[in-house]
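The values are calculated or read from the model by the stated rules, or taken from the named source; none is laboratory data. Fair warning: this is a prediction, and the values are worked out from it, not measured in the lab. Cβ sites come from the backbone with ideal geometry, for glycine too, and all protein chains shown count toward neighbours. Protein only, heavy atoms only, side chains kept; ligands, DNA and RNA dropped before computing areas. Shrake-Rupley method; radii C 1.70, N 1.55, O 1.52, S 1.80 Å.
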Amino acid sequence: MFKVLKTTLAGVALSAALLTSALAAGVDVNATTTGLALRGYDPVAYFTKGAPTPGDFQITAEHNGATYRFANEENKALFVANPDAYAPAYGGYCAFGTAMGFKFDGDPELWRIVDNKLYLNLAPGIQERWEADRANLITAANEKWDTISDKTPEELQTQ
């Protein structure tokens, strides 16, 4: 009986922890259901290495309720010292979609650093359209983000 109760309590605790981490990342961050940002890619490596780099699941830090992974301890230290300098624009949502007033997944492999800010896009064709009018679309996205950052992607689809 005690063993069954102990196993049940452990399961409930694990479920609560997973649910808490999934809900911890707010709607302003594009994170997986477990709260992982950038699909596990290292946000600092875009700036230091100039390439998308998978992070190590053992080297993490939290920012805005999401978990970020890093390729090494040095990158983690840089992020912790100034997370806003490395976290992607619009919480990691697609920059083009944000300019249109929507929240679409940002693909960590489709990226660009503009004026020391990391931007992601949804798909190659979308990124091409974004690149063709990047300055205007960044301006539009910055304006839209103020009104959509606190809404879920689903809420924006139904408006």
Residues of the range 118-159 satisfying the condition of being of a type in the set (Ser, Thr, Tyr) and over 16 Å from the mean Cα position of the chain (by Cα): Thr139, Thr147, Thr158
Scope the range 49-70; condition among the hydrophobic types (A, V, I, L, M, F, W, C) and closer than 13 Å to Arg39 by Cα; matching residues: Phe57, Ala66, Phe70
Hits in the range 116-138 - residues which are open to solvent by less than 70 Å² (accessible area, probe 1.4 Å) and either modelled with pLDDT under 95 or of a type outside the set (Gly, Ala, Ser) (or both): Lys117, Leu118, Tyr119, Leu120, Asn121, Ile126, Gln127, Trp130, Glu131, Asp133, Leu137, Ile138
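Which residues, counting only those in the range 24-41, are among the polar types (S, T, N, Q) and open to solvent by 50 Å² or more (accessible area, probe 1.4 Å)?
Correct list: Thr32, Thr33, Thr34.
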Residue count, the range 87-115 (criterion: touching a strand residue (DSSP E or B) at 6+ places or on another chain (Cβ under 7 Å), farther than 15 Å from Leu36 by Cα and open to solvent by 20 Å² or more (accessible area, probe 1.4 Å)): 5
Search result, residues across the range 60-99 that are of a type in the set (Val, Ile, Thr), without any contact (Cβ under 8 Å) to a residue 24 or more places away in the chain and in contact with a Lys or Arg (Cβ under 9 Å, 6 or more places away or on another chain): Thr60
Failed condition for Glu74, given (1) within 18 Å of Thr152 (Cα to Cα); (2) open to solvent by 40 Å² or more (accessible area, probe 1.4 Å): (1)
Total residues in the range 130-147, condition in contact (Cβ under 8 Å) with a residue 24 or more places away in the chain, in contact with a strand residue (DSSP E or B) (Cβ under 9 Å, 6 or more places away or on another chain) and either of a type outside the set (Phe, Trp, Tyr) or part of a strand (DSSP E or B) (or both): 2
Tally, over the range 83-112, of residues that are of a type in the set (Lys, Arg) and in contact with a Gly (Cβ under 9 Å, 6 or more places away or on another chain): 1
Residue match in the range 39-60 (condition: modelled with pLDDT under 95 and part of a loop (DSSP other than H, G, I, E, B)): no
Flag if Lys151 is open to solvent by 20 Å² or more (accessible area, probe 1.4 Å), closer than 22 Å to Val27 by Cα, part of a loop (DSSP other than H, G, I, E, B) and touching a residue at least 60 places away in the same chain (Cβ under 8 Å): yes
